[in-house]
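Below: one structure, written as structure tokens.
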Amino acid sequence: MGMMQWPPTTSLAAPAATSEGSPVRLPAIRSTTAALVVAAVITASLLGTTPPNTGSLAQAASTDDGRPNVVLLLVDDATVRDVMDERVMPKAARWLVDRGVSFSTSYAPFPLCCPGRASLLTGQYAHNHGVLDNSAPWGGIQAFEDHSSIATWLQGAGYSTAYVGKYLNGYAGQPRYVPSGWETWVGVARGIHDYYGARLNVDGRLRSVAGRYQTDVLSRRARAYVAEEAPAEPFFLFASFLAPHHGSPQEFDDPPVVYGLPIVTPAVEDDYRDVFAGEQLPRSAAFDERNVSDKPARIAQRPPLSADEVSAITEAYQQRQESLRSVDDGIGRIMAALRDSGELSNTYVILTSDNGYLQGEHRVRSGKILPYEPSARVPLVVRGPGIPSGAVRSQPVAAIDVVPTILDLAAAEDQLAGFVMDGRSLLPKIAYPQYGDDRDLVLEAGPRGRMTNYRYHGLRTSNGWKYVEYNTGERELYNLRKDPHELHNLAYQGAYASQRADLRKRLDELKFCAGTACP
């Protein structure tokens, strides 16, 4: 992008761009650090390709006690379709999607719970933060160095910090532990995947909430924090919900075991049981893919889905949607608390998922980890002062960008003390739709016990190619612009030999990138 022919301005009403590229006027916002940051980013993105040092710009205004609050909302195993469907999450649609910017090309670089969450705490790819699985020896909380994270950085910058909900896998092994940097801690310490039998670690003390629906308990705790901490702004709240991840207890309408393997579901709150009964399972062209012979062996060997499997997947899909209704209620509570406390106009809210989820695509009955779009793509919505309402951005972004964005808004980048993040702030991309649209993203998955065939490195390029190398020697190559459902693996077609060679070279350059070496 060359120099833009636009007059420079530092006004808070600096022109931004809509998803179609036409300029709009941002709404007037409070004279806070956040306002200065957003205005500076918008100005710089209109003038050239290099974003400003927004941290230093915000520091210049650090005497203003109106620095923004930030709320990060995380759901577990939710797809883009799950979160963006207003029938499933109407309050999220009304409060966030309709009032903010949605990223349509957002990825979980490592589509698995614990690695994904570690990226949302550090702004790093998994190959740098070192959490490569949900459990030891390759992952889990034991592999995570929590002495330096978004919590410690914001705390050092004078923020009140709170964590509510599911933390990293393996946390139940040290249930009284409170990680560094969190002033308020409400972590699910026992029964992490038990919707009605959880025990909470509340600032180091265990509390039973058995018999109460976990999502409801957590959202009320988050709402209470907002209501109580609002006078002591600024604050950072990370609210992490279990739904729609599967969990106990088993319920009477759960799908039956098919071919000796269950298709797992979340537990549903009584108020929402069967509200999606009869809902048809969405079936893309990838659902029960007709010909998987060009896929890696673990996919190519799968038989077509049986009628019983499709029925079970459908029931699981319906229960997942029903469990998200409770999360949606929680989002409504938190947003209402921000409004009632007078803090909504000075708060940025980010909603995302730790990974996506496969539900019959490519003959995979359920799961994640794999680099296919339903597993690797995630919802990402940002709402706050100066953020355009109902806009969509298509630049490639990833979970590693969330932490840099929060630090940018909080003017807290000077707290990193040498820590190197791989992600980039989303603010320039929000301000200008063409900014950062030439970025390549790394996709990866580490070992899962002895299931090393799932280890891969891959790229999702800015021009719509996806290239994956498995440690088995197998390859996949897709042109997502022509084949968005990844039906035709081009990796072994001679006509694409040159494309494959270029992507392989690019992947070799990036698969272990760090900091500014990452695009």
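The values are calculated or read from the model by the stated rules, or taken from the named source; none is laboratory data. From a predicted model like this one, the values you see are computed outputs, not experimental measurements. Here the Cβ is made from the backbone with ideal geometry for all residues, glycine too, and neighbour counts use every protein chain on show.
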So which residues in segment 75-88 are surrounded by fewer than 23 Cβ atoms within 10 Å (Cβ to Cβ) and of a type outside the set (Asp, Glu), if there are any at all? VAL80, ARG81, MET84, ARG87
Could you say whether any residue in segment 405-413 is in a helix (DSSP H, G or I), within 25 Å of ASN134 (Cβ to Cβ) and under 20 Å from the mean Cα position of the chain (by Cα)? yes
How many residues does segment 151-166 contain that are part of a helix (DSSP H, G or I) and either within 20 Å of the chain's Cα centre (by Cα) or not small (Gly, Ala, Ser) (or both)? 5
For ALA312, are the conditions met, namely being modelled with pLDDT of 95 or more, assigned to a helix (DSSP H, G or I) and touching a strand residue (DSSP E or B) at 6+ places or on another chain (Cβ under 9 Å)? yes
What pairs come up if the first residue lies in segment 352-367 and is closer than 15 Å to GLU289 by Cβ and without any contact (Cβ under 8 Å) to a residue 40 or more places away in the chain, the second is among the small types (Gly, Ala, Ser) and part of a strand (DSSP E or B), and their beta carbons are under 6 Å apart, counting only those six or more places apart or on different chains? LEU358/GLY367
Can you find, within segment 357-377, the residue that is surrounded by the fewest Cβ atoms within 10 Å (Cβ to Cβ) among those that are among the polar types (S, T, N, Q) and assigned to a loop (DSSP other than H, G, I, E, B)? SER366
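Being within 24 Å of GLU145 (Cβ to Cβ) and more than 22 Å from the chain's Cα centre (by Cα) is the filter here; which residues of segment 191-212 pass it?
Those that are within 24 Å of GLU145 (Cβ to Cβ) and more than 22 Å from the chain's Cα centre (by Cα): ASN201, ASP203, GLY204.
Please list, ordered by residue number, the strands (runs of 3 or more DSSP E) wholly in segment 167-280 having 3 or more residues that are of a type outside the set (Phe, Trp, Tyr), assigned by TED's automatic domain parsing to the domain that holds LEU407 and surrounded by 21 or more Cβ atoms within 10 Å (Cβ to Cβ).
On the way: elements: 184-190, 199-202, 205-208, 235-240.
In segment 167-280, the matching strands (runs of 3 or more DSSP E) lie at 184-190, 235-240.
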Give the residue, chosen from ASP308, ASP329, ASP354, ASP340, that is outside the structural domain of GLU476 (by TED's automatic domain parsing), surrounded by fewer than 22 Cβ atoms within 10 Å (Cβ to Cβ) and within 22 Å of the chain's Cα centre (by Cα). ASP329
If you go through ALA277, ALA286, ALA337, the only one that is farther than 30 Å from GLY165 by Cβ, in contact with a helix residue (DSSP H, G or I) (Cβ under 8 Å, 6 or more places away or on another chain) and at pLDDT 95 or above is ALA286
